[in-house]
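Presented below is the structure to which this report refers.
Just so you know, all these numbers are worked out from the coordinates, no wet-lab data involved. Not measured: the values here are computed from a predicted model. Glycine gets a Cβ as well: all are built from the backbone with ideal geometry, and neighbour counts include every protein chain shown.
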Amino acid sequence: MARTAVSGRLAWRIARLAGFRDETPTARTLVFDLPGWPGHLAGQHVDVRLTAADGYRAQRSYSLAAPADGDRVELTVQRVAGGEVSEHLTGPYAIGDPVEIRGPVGGWFVWRPTDPAPVLLVAGGSGIVPLMAMIRARRAAGVRTPFKLIYSLRTPAERYYADELRTPVAGLDVTYVYTRELPEGRPGIPRRIDVATLNTAGWPAEFGASCFVCGPTGFVETVADILVALGHDPHRIRTERFGPSRD
């Protein structure tokens, strides 16, 4: 998931691409070697900067897709037509090529394995990226905190991390909501997340779940409003949103 880059006093570091895998026809997960990386929390993001031969620079911010792992940093980038950074990272960018990374950024939209409360994750499109980092952090920490993921996307072809989320994991429930096209053989009709979805696939309000909602602005606002209407504590609903951009 990309955002407008946030300025700060963090230092830029040189990272090099160590590996990649395609998640969808237009989204790619990139694994970087980043010496001196200080570590990060699930839910944080980084700034990425490219510099052309003539000195022109372009930068965007991307959510971290996996928990801290030494000097390895993992991002998932959605290619956007005309996007200066995303088209390069999902196209000609090759193993060993450098890029500048600054971070980690953000300290509110994060999940810590020491939090015992059940967790509800609600993702819209590429908003799955920081939530996947939380799912992976849970697994890496070996904790049994119960997680529920509700993942809204347009079509089955747009699923990120499809194989990983298809594998059953104790304590993790995954619900897909398709807004334009259903998987072959699945009954029903395309729909958007609504009160019924969150009421049946989410946690009851009395469970005191930590709720994380990430996606386009309209999606996030709708989901957050429904959660509050269902009785969830507004202070336990954390949101991360993004709007239309060129990258």
- Query: Using 7 Å Cα-to-Cβ label points, what is the residue 189/residue 95 separation (nm, one decimal)?
  - Reply: 4.9
- Query: From the residues 94, 111, 75, which one has its Cα farthest along the dipole of the chain in the positive direction, the dipole being from +1 and -1 charges on Cβ of Lys/Arg and Asp/Glu about the Cα centre?
  - Reply: 111
- Task: Answer rounded, prolate or oblate for the range 93-188, using the Cα gyration tensor with square roots of eigenvalues a ≥ b ≥ c: rounded when a/c is under 1.5, else prolate when a/b is larger than b/c, else oblate.
- Result: oblate
- Query: Using modelled backbone amide H atoms (1.01 Å from N, in-plane), which distant-in-sequence or interchain residues come within less than 5 Å of residue 175's amide H?
  - Reply: 149, 150, 151
- Message: Suppose every Lys and Arg Cβ carries +1 and every Asp and Glu Cβ carries -1, with no other charges. What dipole size does the range 54-132 come out with about its Cα centre, to the nearest 20 debye?
- Response: 220
- Item | Rel. contact order, % - alpha carbon contacts under 8 angstrom, at least six apart, the chain | 20
- Message: Relative contact order of the range 119-242, please, whole-number percent, based on alpha carbon pairs below 8 angstrom and at least 6 residues apart.
- Response: 29
- Task: Quantify how much of the Cα-Cα distance distribution of the chain extends past 27 Å, in percent.
- Result: 34
- Message: Quick check for me: using +1 on Lys/Arg Cβ and -1 on Asp/Glu Cβ, what's the dipole size of the chain about its Cα centre, in debye to the nearest 20?
- Response: 180
- Message: Please state the shape class of the range 127-247: rounded when a/c is under 1.5, otherwise prolate if a/b exceeds b/c and oblate if not, all from the C-alpha gyration tensor.
- Response: rounded
- Task: Could you tell me what percent of the DSSP beta bridges with both partners in the range 93-209 are antiparallel, to the nearest 5?
- Result: 5
- What fraction of the DSSP beta bridges in the chain is antiparallel, stated in percent and rounded to the nearest 5? 60
- Message: Quick check: residue separation of residue 139 and residue 207 times 0.36 nm, minus the Cα distance between them. What number comes out in nm?
- Response: 22.3 nm
- Task: Choose one answer from 12, 111, 37: the residue with the largest mean-square fluctuation in a GNM of the chain with alpha-carbon springs under 10 Å.
- Result: 12
- Task: Name the residue farthest towards the positive end of the dipole of the range 92-247 from the options 146, 120, 230, assuming +1 on Cβ of Lys and Arg, -1 on Cβ of Asp and Glu, about the Cα centre.
- Result: 146
- Query: How do 73-81, 179-187, 91-99, 152-160 rank on mean C-beta neighbours within 10 Å, highest first?
  - Reply: 73-81, 152-160, 91-99, 179-187
